[in-house]
Each structure stands twice: as structure tokens, then as C-alpha cells.
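To start, the structure itself, in C-alpha cells.
The values are calculated or read from the model by the stated rules, or taken from the named source; none is laboratory data. All values derive from a computational prediction rather than experimental measurement. We place every Cβ from the backbone using ideal geometry, glycine too, and count neighbours over all the protein chains shown.
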Amino acid sequence: MRSLILGGARSGKSALAERWAADSRLDVVYIATAERRDGEMDARIDTHRARRPAHWACVETPLALADALNDHGGDGRCVLVDCLTLWLSNVLALDDAQRFVSERDALLDAVAGARGELLLVSNEVGLGIVPMGELTRRFVDEAGRLHQALATRCERVVFTAAGLPLYLKGTA
């Protein structure tokens, strides 16, 4: 089962994905896309690490997400990716259009071919006003396109608000 879990900041999407991973009773591989860049991000990473069970494997990959999915996914495993919007920021920050297309297409292929349980966490960023800057507009546009493409490849799509899941596709 492939699941896309969307929501705003502090909506409970990561906690929901972590509950589903724990409930799967499968070997869990947590793929983290965040990088330590400042004190605030350090604190976020530490909070996520502290609440994960120690026996979960953790793979840190800020860019080559498709490779990580292909290397660590499979039958008998639950792979949790947190989060796609950080990965998207990392790839867009390279300012290399060819690399972006290559990484995005590879990710979509990896998700389509994924075996086992796959939980993808991402921020829904398209609910507010149109950003003023070119890069932030591109980010919002690319996040929306990515979510739409992933939603067609996932059996379950959930929007999370106030810690509550709203099923957009599939069932609990």
C-alpha cells in the first residue's frame, strides 16, 4: 500500500505516518530528507528522532530519494519518507532544471514500482496566497504538481488537520 499524507505545518501528518508505520508490524525504514542547517532545524530533527522507536532504521537522503526508495523498500518493509517538501526544496535549491526533472521523474517511477508499505509525508502549501517571489512560486507550483502525480500512484491519500486524517482517496 502506498500512502500520501498531506497537511500543513504542525498538522499531525508525521505523527500519523509514524503511528501507521508502527501499526504495520513490518520492519520500518525511516527516510529523512532534512539537513542540519541551523539551530531551529537541528531541534526539529532531534524531536523527530526522539519520538521514533530505536529499532527503526534511518536513512538520511536530502537529494537521491528515488535511489533510497529503491534500495530500502521491499516486501516485508514499511518505508516512511518525511518529508517530500524538504526534499523538493533541496532539489530546487540546486538551481539545475535537468537534475530536478531527473530526480522528480525517478521518484515518481520508484513510487509507482514500490513494494511493501510506503508512507510519504508532505506539506500542502497551496492553500494560501500566491507567493511574491519567483522561487517560492515555483516551489508551490512544483509541490502541487508533485502531489497530484503522487496521488495517482498511491492507493491512499490523506489530508491531515488538527491531528485528524481526512481520507481523500482510499480508506483507513
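Summary table
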{"quantity": "Qualifying helices (runs of 4 or more DSSP H) (wholly inside the range 11-87; at least 3 residues being aliphatic (A, V, I, L, M) and more than 21 Å from Arg156 (Cβ to Cβ))", "calculated": "39-51"}
{"quantity": "Residues located in the range 1-49, provided they are hydroxyl-bearing (Ser, Thr, Tyr) and more than 19 Å from Ala66 (Cα to Cα)", "calculated": "Ser11, Ser14, Ser24, Thr47"}
{"quantity": "Candidates Trp87, Trp56 - the one that is more than 20 Å from Glu124 (Cα to Cα) and of a type in the set (Phe, Trp, Tyr)", "calculated": "Trp56"}
{"quantity": "Any hit, the range 80-102, residues being touching a His at 6+ places or on another chain (Cβ under 9 Å) and among the polar types (S, T, N, Q)", "calculated": "no"}
{"quantity": "Odd one out for Arg51 among (1) of a type outside the set (S, T, N, Q); (2) closer than 21 Å to Leu88 by Cβ; (3) in contact (Cβ under 8 Å) with a residue 12 or more places away in the chain", "calculated": "(2)"}
{"quantity": "Residue check, Ala57 within 19 Å of Ser14 (Cα to Cα), out of contact with any Leu (no Cβ under 8 Å at 6 or more places or on another chain) and either aliphatic (A, V, I, L, M) or surrounded by fewer than 17 Cβ atoms within 10 Å (Cβ to Cβ) (or both)", "calculated": "yes"}
{"quantity": "Among the residues listed as His48, His55, His72, the single one being more than 17 Å from the chain's Cα centre (by Cα) and of a type outside the set (Asp, Glu)", "calculated": "His55"}
{"quantity": "Residue within the range 72-87 that is small (Gly, Ala, Ser), modelled with pLDDT of 95 or more and over 19 Å from Trp56 (Cα atoms) present", "calculated": "no"}
{"quantity": "Options Val130, Val91: the member that is more than 24 Å from Cys58 (Cα to Cα), β-branched (Val, Ile, Thr) and either surrounded by 20 or more Cβ atoms within 10 Å (Cβ to Cβ) or free of Cβ contacts under 8 Å to residues at least 40 places away in the same chain (or both)", "calculated": "Val130"}
{"quantity": "Flag for Leu146 being more than 14 Å from Leu6 (Cα to Cα), in contact (Cβ under 8 Å) with a residue 24 or more places away in the chain and in contact with a helix residue (DSSP H, G or I) (Cβ under 8 Å, 6 or more places away or on another chain)", "calculated": "no"}
{"quantity": "Residue in the range 96-113 that is touching a residue at least 24 places away in the same chain (Cβ under 8 Å), surrounded by 13 or more Cβ atoms within 10 Å (Cβ to Cβ) and β-branched (Val, Ile, Thr) present", "calculated": "yes"}
